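The values are calculated or read from the model by the stated rules, or taken from the named source; none is laboratory data. The shown structure was predicted, so the numbers you read here are calculated from the model rather than taken from an experiment. All Cβ positions, even for glycine, are placed from backbone atoms using ideal geometry, and neighbour counts span all protein chains on display.
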Amino acid sequence: MNVVIIQYNAGNIRSVDFALRRLGVKPVISADPGVIASAEKVIFPGVGEAAGTMAHLRETGLARLIPSLKQDFLGICLGMQLMCSFSEEGNVPCLNIIPQKVKRFEAAGGLKVPHMGWNRLERTQGRLIDSSFEGEYMYFVHSYYVETGDFTTAIAVYGTPFSAAAERDNFFATQFHPEKSGTAGSRLLKKFIAL
Amino acid sequence: MLAKRIIPCLDIRDGKTVKGIEFLNIREVGEPVELGARYAREGADELVYLDITSSHEKRKLFAGLVRRIAENLNIPFTVGGGINDVSDAGRLLDAGADKISVNSAAIMQPELVSRMSAGFGSQFVVVAIDAREENGRWQVYRNGGRIPTGLDLFVWAYEVQERGAGEILFTSMNHDGVKHGYACDALARLSDRLNIPVIASGGAGAMEHFREVFTTGKADAALAASIFHYGEIGISQLKTYLAGENIPVRLNNDK
């Protein structure tokens with residue numbers, strides 16, 4: 001299986017790499033548009049800040065390439081947020097694959113930001129995140145969230161319900177980190193590889 | 001709903017797991033990667049590895065260990081001990097650590113917290129604070145609890161939050177190793193004062209102590225070492241108990 005992890009200045013590339021290796025998959029880590037375009041599966045990880053990362057994606061041409069990909073594509077955390085239409089983090093237009101806005105959690109009423117830790121998936125209804133994931137706890141670390149909408153395939157609740165996962169055609173996205181979510185997360189990555 | 005986290009802490013010296021009892025009398029309890037993986041299987045939500053190696057030379061062993069932990073562990077982990085500058089933190093990030101914790105270095109050089117959170121993101125930076133209650137005031141100590149700093153716990157915790165810390169790991173030196181429960185009053189005050197998560201450390205001796213720290217102590221996570229290492233309380237047993245007490249915890253749900 002030719003799995004490519006898109007290389008950019010994201011913090012969790014190594015964790016995703018290790019998680020796939022634990023499943024017996026040896027991913028290629030690359031920023032080369034040709035390598036990415038010819039992959040069977042593409043993973044777009046992300047820990048970092050939206051506006052700076054979008055600028056980087058535009059400079060490198062990845063911002064044009066990514067929405068045109070036809071193979072199964074998985075965006076993780078910031079990767080998911082960058083797949084949306086617009087992020088409040090730096091007020092930046094994003095890749096617009098999933099036409100939802102990315103908003104900041106408001107630290108009000110005792111709500112701590114970032115949302116950090118394990119939270120439950122609810123209303124699971126996707127091809128990747130199907131009903132077998134209902135009630136599973138996954139590991140989240142984020143201060144911004146994707147609103148719920150037509151492409152939401154699972155929600156989690158932190159002050160407000162938000163999109164924990166989304167899908168559109170060959171594009172899949174999780175706000176949580178499957179690479180850090182124990183056996184439930186491993187099961188999800190395995191399922192993505194097998195799609 | 002966000003679950004309360006249970007975090008076993010593994011003290012590492014010369015690449016092996018040890019636990020200091022009230023910062024003294026260190027003895028070994030196991031191989032760090034193996035022990036961490038076992039805790040993950042039992043339902044630990046996160047792990048903390050603290051390097052207590054004294055010599056600079058042997059500290060290199062730790063970076064290698066961090067990489068092996070990252071390769072093998074499928075839950076998040078924090079590493080701390082001996083992180084004195086941004087490049088130390090960067091090396092541990094590259095080795096695969098999810099978070100680093102800084103303690104004495106942050107006290108000596110508070111702008112380190114700002115620089116690390118700007119460089120790697122707040123989620124990467126845990127500030128560990130050791131403090132002791134003395135005449136009604138919580139004084140911060142550094143260098144493994146050996147040197148009083150004159151800093152007030154609440155003032156210092158607020159400052160590091162404003163500098164971009166993502167979490168506070170507060171150890172009560174009065175409670176650590178005593179096993180009579182966490183410093184719930186101070187923890188609740190911290191939690192009310194801060195808008196970042198607070199990890200409680202020091203004092204766990206029974207399952208009820210975890211219930212107390214998550215209710216009256218308002219902690220987001222609870223860290224413990226010896227009770228887990230010596231098998232006094234099993235993690236899955238603890239989580240089943242907490243769930244029965246209506247505390248939101250992640251129960252193992254293997255499919």
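Against the numbered list (1) under 30 Å from B:LYS218 (Cα atoms); (2) more than 17 Å from the chain's Cα centre (by Cα), A:ARG104 comes up short only at (2). Identification of helices (runs of 4 or more DSSP H) wholly contained in segment A:1-80 with 3 or more residues that are of a type in the set (A, V, I, L, M, F, W, C), farther than 30 Å from B:ALA118 by Cβ and within 14 Å of chain B (Cβ to nearest Cβ) yields no element.
Checking the stated criteria, B:ALA106 turns out not to satisfy the condition of being surrounded by 15 or more Cβ atoms within 10 Å (Cβ to Cβ), among the aliphatic types (A, V, I, L, M) and within 11 Å of chain A (Cβ to nearest Cβ).
Each residue in segment B:110-126 was checked for being touching a helix residue (DSSP H, G or I) at 6+ places or on another chain (Cβ under 7 Å) and either free of Cβ contacts under 8 Å to residues at least 12 places away in the same chain or more than 14 Å from every other protein chain (Cβ to nearest Cβ) (or both), and 4 of them qualify.
Does at least one position in segment B:144-154 carry a residue that is more than 14 Å from every other protein chain (Cβ to nearest Cβ) and in contact with a Gly (Cβ under 8 Å, 6 or more places away or on another chain)?
No, segment B:144-154 contains no residue that is more than 14 Å from every other protein chain (Cβ to nearest Cβ) and in contact with a Gly (Cβ under 8 Å, 6 or more places away or on another chain).
The residues of segment A:91-116 that are in a strand (DSSP E or B) and touching a residue at least 40 places away in the same chain (Cβ under 8 Å), listed by number, are A:VAL92, A:ILE98, A:PRO99, A:GLN100, A:LYS101, A:VAL102, A:LYS103, A:ARG104, A:HIS115. The residue of segment B:166-208 that is nearest to A:MET116 (Cα to Cα), among those that are polar (S, T, N, Q) and more than 14 Å from the chain's Cα centre (by Cα), is B:ASN195.
Filtering B:ILE129, B:ILE107 for residues that are under 24 Å from A:HIS115 (Cβ atoms), in contact (Cβ under 8 Å) with a residue 40 or more places away in the chain and not aromatic (Phe, Trp, Tyr) leaves a single hit, B:ILE129.
Looking at B:PHE170, B:PHE214, B:PHE228, can you tell me which residue is crowded, with 19+ Cβ neighbours inside 10 Å, in contact with a Lys or Arg (Cβ under 7 Å, 6 or more places away or on another chain) and more than 12 Å from chain A (Cβ to nearest Cβ)? After ruling out the rest, the residue left standing is B:PHE214.
Can you find a residue that is outside any helix (DSSP H, G or I), out of contact with any Phe, Trp or Tyr (no Cβ under 6 Å at 6 or more places or on another chain), without any contact (Cβ under 8 Å) to a residue 24 or more places away in the chain and more than 14 Å from every other protein chain (Cβ to nearest Cβ) anywhere in segment A:162-175? So far as segment A:162-175 goes, yes, one or more of its residues are outside any helix (DSSP H, G or I), out of contact with any Phe, Trp or Tyr (no Cβ under 6 Å at 6 or more places or on another chain), without any contact (Cβ under 8 Å) to a residue 24 or more places away in the chain and more than 14 Å from every other protein chain (Cβ to nearest Cβ).
Consider segment A:109-139 and keep the residues that are facing another protein chain (nearest Cβ under 7 Å), modelled with pLDDT under 95 and over 17 Å from the mean Cα position of the chain (by Cα). The one that is farthest from B:ALA222 (Cα to Cα) is A:VAL113. Answer yes or no: is there a residue in segment B:73-87 that is more than 15 Å from the chain's Cα centre (by Cα) and acidic (Asp, Glu). Yes, that holds for at least one residue.
Scanning segment B:147-168 for residues that are in contact with a helix residue (DSSP H, G or I) (Cβ under 6 Å, 6 or more places away or on another chain) and among the basic types (Lys, Arg) turns up at least one hit.
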